[in-house]
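A short write-up of the structure that comes next.
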Protein chains: 2
Amino acid sequence: LLIIVPPAIGIIWAVYEIIAMRMIKLDGHPGRDDIVSVEGTQDKAKILRTMVEISNHIAEGATSFLVEQYKWLSLYIVLFAILIGFVVSWPATVAFVLGSVTSGACGFIGMKTAVMSNVRTCHECWGSLTKGFETALRGGSVMGLALVSLGIECLYVTMLITLAWLGSASSAPSNDKEITKMEYIFASIAGYGLGGSSIALFARVAGGIYTKAADVGADLSGKNEYGMNEDDPRNPACIADNVGDNVGDIAGMGADLFGSFAEATCAAFLLLANACNPYDKSYASDVVYKDIMAGQLMFPLLISSVGVVAGLISILITRFAFPVKTLPQIERTLKILLLISTVIMTPVVIGLALGSYPEEFTIYDDEAQVHRYQVTWWKASVAVLMGLWGGLIIGVITEYYTSHSYRPVREIAETQRVSAATGIIFGLSLGYFSNAVPVIITAACALISHKFCGMYGVSLAALGMLSTLSVTLTVDAYGPISDNAGGIAEMAEVGEATREKTDALDAAGNTTAAIGKGFAIGSAALVSIALFGAFCVRAGIESLNLLDPWAFTGLLIGALMPYIFSGMTMRSVGIAAQDMVTECMRQFPGIISGAEKPDYTRCVSIATRASIKEMVAPGALVILTPVILGMALGKNCTAGILLGALSSGIQMAISMSNTGGAWDNAKKYIEANGLPGHGKGSAAHKNAVTGDTVGDPLKDTSGPALNILIKLSAIVSVMFASVLKSSTFSTSVGGPSWAK
Amino acid sequence: LLIIVPPAIGIIWAVYEIIAMRMIKLDGHPGRDDIVSVEGTQDKAKILRTMVEISNHIAEGATSFLVEQYKWLSLYIVLFAILIGFVVSWPATVAFVLGSVTSGACGFIGMKTAVMSNVRTCHECWGSLTKGFETALRGGSVMGLALVSLGIECLYVTMLITLAWLGSASSAPSNDKEITKMEYIFASIAGYGLGGSSIALFARVAGGIYTKAADVGADLSGKNEYGMNEDDPRNPACIADNVGDNVGDIAGMGADLFGSFAEATCAAFLLLANACNPYDKSYASDVVYKDIMAGQLMFPLLISSVGVVAGLISILITRFAFPVKTLPQIERTLKILLLISTVIMTPVVIGLALGSYPEEFTIYDDEAQVHRYQVTWWKASVAVLMGLWGGLIIGVITEYYTSHSYRPVREIAETQRVSAATGIIFGLSLGYFSNAVPVIITAACALISHKFCGMYGVSLAALGMLSTLSVTLTVDAYGPISDNAGGIAEMAEVGEATREKTDALDAAGNTTAAIGKGFAIGSAALVSIALFGAFCVRAGIESLNLLDPWAFTGLLIGALMPYIFSGMTMRSVGIAAQDMVTECMRQFPGIISGAEKPDYTRCVSIATRASIKEMVAPGALVILTPVILGMALGKNCTAGILLGALSSGIQMAISMSNTGGAWDNAKKYIEANGLPGHGKGSAAHKNAVTGDTVGDPLKDTSGPALNILIKLSAIVSVMFASVLKSSTFSTSVGGPSWAK
């Protein structure tokens, strides 16, 4: 019965999508009646035309970037797919391509919806705050639901094919041919995750570089040198800045979380499939192998499927029970939305576990099936719920450290009265501190869920954290949409009143974006742990002895990886931003004198070119390091690398995101006159802008890309595990054969 | 025969010490004849009086800080010694107190010599550059040689006592009483290292907070607000700033490297002692147990002893073969000094190994003696030489990233023309990149030396890196002495010509300080690996399986520790600096108007109070975390913590030190007119000062203290290993007994 849930979800989603998209489109809405013209003087139709024009600029920039990026990525996909085909298996190639395409499509859908919603949000804010908020949220929800539903459908199809294939093996496979088939299935599942995740990495890195190069460039040239406002239409980099929000924060983040979701499900599948390993003698021939697989395999997908419905219900509840009427209500409503979805999911998870796992069954952490765990419905529930609530707590803590309603950010703002340097010292310190709770919670989730269900439990915890993904993504995408709406309002000169509303929407979005980042990192960490487990199963590592110097070397190199990666991406942002500044400064004299119009296209193409060029090296680093070093120094070295990258990457990712978020909000706090007598334009504000600029690449380029680094290095190792295991190295000892 | 080497070294050192100190003292040198008066107008005697007066201020400040600090540290020593006595053993208590006192004494000697040498250096620079350089270097050498020699003598005595004790067990111990005695000896050796290292942590943290609070405070108030020069006598924080150089960079760093040296030797002893474990049946009763111990145990001490002589010879060679006549020769001479000592040590190490290990012998990596390694003279030599030359390479790479003779720092300076923010972005990126080579070299040293001699090999590599310690310390201490000399020259108004010379001395010191830091981190990493090995031996961990969730949890928590630690120390510097700024700003109006004299004492006492108060929490974090979590979650969790702290701490330490060093030198580059048209006082210079100020706590407080964090957490675990092993937990499985 439960098997029909995923297709049903697909239908619900499709219906919602059509309705929502229809509601968002601006065409045919030439300005509603309740919209008043600005200060009674300007022409309503003219402003509307400008709005549409600017929005078209942004949409074109975003589309041209994605097209250009996907062109290069297709090259990567083709080459890598062929490599996988020859080295691993051709079914894995198909899955890899499918995963890549889904991930790319998700990014594209998100971006398209966002560039449609931003102008509509701006338009609605002109009239009423409530409608503006609803439009932005609706735009976000289209992206959130689309992404999760697409993922579920694809994984469902992959699973059905897997099961059909297993059909011929209706009892436990007994000969070599059947075992090879199992290998194929393993590899295919991993291929899907690898495809999704590697596109995510490139999207995140390129998008991140794009958005921050434009942002930093615009700030440094226009704001610092000419004292312009954010989104001043005279600043030639301002369109690129707005495009950046869409390609970095929407397409990049969408691909990122899609990757987490795909990989968490893949890890769960892999670990479950190992439990039904043909080597296991406990499956007597009278048990129909396929049925066991089906019943157990469905649980991970069911959690996600029901999560989509719960998300939809939560959005509807908040829409009617907590409408936004005044500015302070915005943030409250968004937070309630996150809370409600978590609360709804709790009993649902327990019910699903009862339905899926009526009887105890055995699962193993290693291919040799030494470490065994008896999974029951309540143990599975605990694992999922640990992740679900752990994610919420991480979000709350992240908010504490990054919102200017609390002491830490205010303290930074205070010190910025003294100097930019002290602001940066306190900000770095805040970031370091803010690791504590998320890391401890992640460790506790992993420890407890592992205690109950082994590595499979960790993948369940990851899925639990990601079960509210549709809502988290909705809220995440809401932010850049509001940010863009504000940009459009400023550029179309709709007036102060509208700008104030969009600013409030944006500010709330900043806080929830920080929550979303904490959540993305926490889930990435859990996913990586589960994938690390899957790698060890596939590579036949029963015990990873860190007294083994090869594994230890891997650990050090792995811990180094996030640093090199961050060094690369930060540098890329710096260089691209300087190019952007140079271009802007070249244009400014003409623009200021009124002789020339700002040339937005050149800035857009600078950002596009730089970001696509600079995404190659970090991507290659992440994908090649574990595989090549594994070839040279043994599979235990690869396992060490994964652990090192995970343990050091999670810390860097959290501290970077929170430091950047705190600086951003310290600036906003000062702008909102949080320090009486040190408002906008004061020395303190200038110091805060320095902090914010430094924080931009930390929180939007390097930090979030590190999530993908730890996930991708793990899944690429899973993919090539059979190669690392069988070709050059003995299965019992870790070191490379040449050193024997 | 070789057994008389250490006492001989002691005598050589004592003679050198007496001669050098006599040469450094300024009393009775009322200005030499070749010293010309400033611009012919001022009174030579008056300037000399001012110089002595200022130097007395600095000496008083430094002494009062150390006295205050040692007062609080004695409380810690007494309490912790009692704890060790009750929990571990009373001999361990004695060793712990001895280690603490030696460490404290080394810091004190270094500080005393430095505050004597600084004024003398200034005095000599007034006349000739050559003599000024020699005086600063001589001051440094007193500290360098004193520290290493004292360490060797103490460890020698500890070893003799150990051997005397073993005398009663002239053949392999056979009963329980003898085994308990072995335990005692193990614990005592660890106690010495623990004492040295825990004092080092407090000295480093308190000294680091002191020096940077004063430095940042002085910069932010005097430089930024009133446009004063560095070391302007009107700035009330300037004496505190100079005191800080002595207590942070001299006493703190001395204690730090003393700790590394003591711990590396302890780790070597522990691992050797395990090889002679009474459980081993290979030692037949006719082999005199004591003799084997003596022969093998001497090797580590011999390396260090001969290193002192080699250091002395190198200093003499450079003094006569490469005298400093012109400004550019300073840096060249210092680098040649480092190179010569490494070259001299190479054949010496091989000779010593041949002498100590004429026959192959067996060593084990675990108490159960499963992992065995056959050590020969050439394998031991390779391990030591890996460390020796690895250290030099790390130093060279560090110089590349932090000296403004090369591209990376110049690039930062270039971007500082654009803004402070891009300078900080590029600086962070540089720090992340700069990890690569040092980490890979450390990993290679560990891998290869482990391959040949097991964990004992790693401790030999650490000792190899530290064998040139006397020279490295000399050069390290030379830096702050020159810095202080410059400060005194400025405050006593000796004139431009002298100031130019001291500036050149100081600039060269900055570069070599960066080399010293790279070296300190590399050796700390190797020491920690060796101590990790010793911990596993002592705790009976034969295989640390990271698929065990308890160990994995430890890994995550361990990787978190350096972040929390850095967060604490950065924050402390920020807060103390702000107090300092407030105090300076209160005094400035009176000072500028000439109505009041600057009150140096208040600033000194602010820095003293803040630093001593703030050293408690980070210290407690490092000492308690591995022990308490080990008690609660098992010994495997402790092992995981050590690995996590090591793998994430080394990365942070290197990147922090190099980022800070690069910003400092980018500022110096701009000041030296490296960017034509953007010299001192330009916007680019202001941006560079912001970078430098942010870098101060990174490179002089948090970064170097992280070395001690990774060493101290390891040695404290070694100390309590028997408790973690035997009391609450089973020896075969990692998790805590309550979770079974």
Write out, first by first residue and then by second, each pair whose Cβ atoms fall under 8 Å of each other, whose residues are 6+ apart or on separate chains, and whose first residue, in the range A:626-640, is surrounded by fewer than 24 Cβ atoms within 10 Å (Cβ to Cβ) while the second is of a type in the set (S, T, N, Q) and in a loop (DSSP other than H, G, I, E, B).
A:M631/A:T728
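For every residue, the table says whether it meets (1) free of Cβ contacts under 8 Å to residues at least 60 places away in the same chain; (2) open to solvent by 10 Å² or more (accessible area, probe 1.4 Å); (3) not aromatic (F, W, Y).
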{"site": "A:Y669", "(1), (2), (3)": "no, yes, no"}
{"site": "A:L675", "(1), (2), (3)": "no, no, yes"}
{"site": "A:K686", "(1), (2), (3)": "no, yes, yes"}
{"site": "A:L698", "(1), (2), (3)": "no, no, yes"}
{"site": "A:L706", "(1), (2), (3)": "no, no, yes"}
{"site": "A:K711", "(1), (2), (3)": "no, no, yes"}
{"site": "A:A714", "(1), (2), (3)": "no, no, yes"}
{"site": "A:V718", "(1), (2), (3)": "no, no, yes"}
Flagged pairs (Cβ under 8 angstrom, 6 or more apart or on separate chains; first in the range B:305-330, assigned to a helix (DSSP H, G or I); second among the β-branched types (V, I, T) and open to solvent by 40 Å² or more (accessible area, probe 1.4 Å)) are B:V306/B:V348; B:V308/B:I12; B:V309/B:I12; B:A310/B:I344; B:A310/B:V348; B:L312/B:I12; B:I313/B:I344; B:S314/B:I344
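For the subset of the range B:440-470 comprising residues that are among the β-branched types (V, I, T) and surrounded by 24 or more Cβ atoms within 10 Å (Cβ to Cβ), which member is nearest to the other protein chains (Cβ to nearest Cβ)? Step through it out loud before you land on a result.
Here is the first cut: in the range B:440-470, the residues among the β-branched types (V, I, T) are B:440-442, B:448, B:458, B:468.
Keeping just the survivors that are surrounded by 24 or more Cβ atoms within 10 Å (Cβ to Cβ) gives B:442, B:458, B:468.
Details: B:T442: 7, B:V458: 9, B:T468: 24 Å.
Here the residue is B:T442.
From the residues in the range B:331-340 that are in contact (Cβ under 8 Å) with a residue 60 or more places away in the chain and open to solvent by 30 Å² or more (accessible area, probe 1.4 Å), which one is farthest from B:P7 (Cα to Cα)? Quick ask: steps written out before the conclusion?
Narrowing the range B:331-340 to residues in contact (Cβ under 8 Å) with a residue 60 or more places away in the chain: B:331, B:333-335, B:337-338.
Then drop every residue that is not open to solvent by 30 Å² or more (accessible area, probe 1.4 Å), which leaves B:331, B:335.
Numbers: B:E331: 34, B:K335: 30 Å.
Looking at the filtered set, the residue picked out is B:E331.
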Mind checking whether some residue in the range A:566-585 is charged (D, E, K, R) and under 30 Å from B:V458 (Cα atoms)?
no
Identify, by number, the condition in (1) open to solvent by 20 Å² or more (accessible area, probe 1.4 Å); (2) out of contact with any Leu (no Cβ under 8 Å at 6 or more places or on another chain) that B:Y563 doesn't meet.
(1)
Restricting attention to the range B:186-208, does a residue exist that is part of a helix (DSSP H, G or I), over 25 Å from B:I161 (Cβ atoms), within 14 Å of another protein chain (Cβ to nearest Cβ) and modelled with pLDDT of 80 or more?
yes
Could you tell me which numbered condition A:I350 fails, if it satisfies all but one of (1) within 19 Å of A:V142 (Cβ to Cβ); (2) more than 23 Å from the chain's Cα centre (by Cα)?
(1)
Taking the range B:214-235 and keeping only residues that are open to solvent by less than 20 Å² (accessible area, probe 1.4 Å) and within 11 Å of chain A (Cβ to nearest Cβ), one is left with B:V216, B:G217, B:D219, B:L220, B:S221
Residue list for the range B:341-396, filter: within 14 Å of chain A (Cβ to nearest Cβ), open to solvent by 40 Å² or more (accessible area, probe 1.4 Å), touching a helix residue (DSSP H, G or I) at 6+ places or on another chain (Cβ under 6 Å) and under 14 Å from B:G457 (Cβ atoms)
B:Y373, B:M386
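Going residue by residue through the range A:582-600, is there one that turns out to be within 12 Å of another protein chain (Cβ to nearest Cβ) and touching a residue at least 60 places away in the same chain (Cβ under 8 Å)?
First, the residues of the range A:582-600 that are within 12 Å of another protein chain (Cβ to nearest Cβ): A:582, A:584-585.
Those still in the list that are touching a residue at least 60 places away in the same chain (Cβ under 8 Å) too: A:584-585.
Yes - at least one qualifying residue is present in the range A:582-600.
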Being within 12 Å of another protein chain (Cβ to nearest Cβ) and surrounded by fewer than 24 Cβ atoms within 10 Å (Cβ to Cβ): is that true of B:N510 here?
no
For A:M568: the one exception among (1) within 12 Å of another protein chain (Cβ to nearest Cβ); (2) free of Cβ contacts under 8 Å to residues at least 24 places away in the same chain:
(2)
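Return the only residue of A:G107, A:G85 being open to solvent by less than 60 Å² (accessible area, probe 1.4 Å) and within 20 Å of the chain's Cα centre (by Cα). Give the steps one after another, and end with the answer.
Values: A:G85 fails: within 20 Å of the chain's Cα centre (by Cα).
After applying the criteria, what remains is A:G107.
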Looking only at residues in the range A:566-583 that are surrounded by 24 or more Cβ atoms within 10 Å (Cβ to Cβ) and of a type in the set (S, T, N, Q), which one is farthest from A:M656 (Cα to Cα)?
A:S572
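Take the range A:413-439 and flag every residue that is more than 7 Å from chain B (Cβ to nearest Cβ), under 30 Å from B:C637 (Cβ atoms) and surrounded by fewer than 24 Cβ atoms within 10 Å (Cβ to Cβ).
Going residue by residue through the range A:413-439, those that are more than 7 Å from chain B (Cβ to nearest Cβ) are A:413-414, A:416-417, A:423, A:427, A:430-431, A:434, A:437-438.
When the remaining residues are screened for being under 30 Å from B:C637 (Cβ atoms), the result is A:430-431, A:434, A:437-438.
Listed by number, the list holds a single entry, A:V437.
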Name every residue in the range A:690-718 that is within 13 Å of A:G427 (Cβ to Cβ) and of a type outside the set (G, A, S), in order of residue number.
A:T690, A:D692, A:T693, A:V694, A:D696, A:L698, A:K699
Any hit, the range B:535-544, residues being in contact (Cβ under 8 Å) with a residue 40 or more places away in the chain, open to solvent by 10 Å² or more (accessible area, probe 1.4 Å) and within 8 Å of chain A (Cβ to nearest Cβ):
yes
Every listed condition ((1) in a helix (DSSP H, G or I); (2) open to solvent by 10 Å² or more (accessible area, probe 1.4 Å); (3) at the interface with chain B (Cβ under 9 Å from one of its Cβ atoms); (4) more than 25 Å from A:L257 (Cβ to Cβ)) holds for A:L556 save (2)
Exactly one of these conditions fails for A:A477: (1) under 26 Å from the mean Cα position of the chain (by Cα); (2) away from every other protein chain (no Cβ under 14 Å); (3) over 30 Å from A:G351 (Cβ atoms). Give me its number.
(3)
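The values are calculated or read from the model by the stated rules, or taken from the named source; none is laboratory data. Worth saying up front: this structure is predicted, and the values here are computed from it rather than measured. All Cβ positions, glycine included, derive from the backbone under ideal geometry; neighbour counts span all protein chains shown. Accessible surface areas use protein heavy atoms only, side chains included; no ligands, DNA or RNA. Shrake-Rupley method; radii C 1.70, N 1.55, O 1.52, S 1.80 Å.
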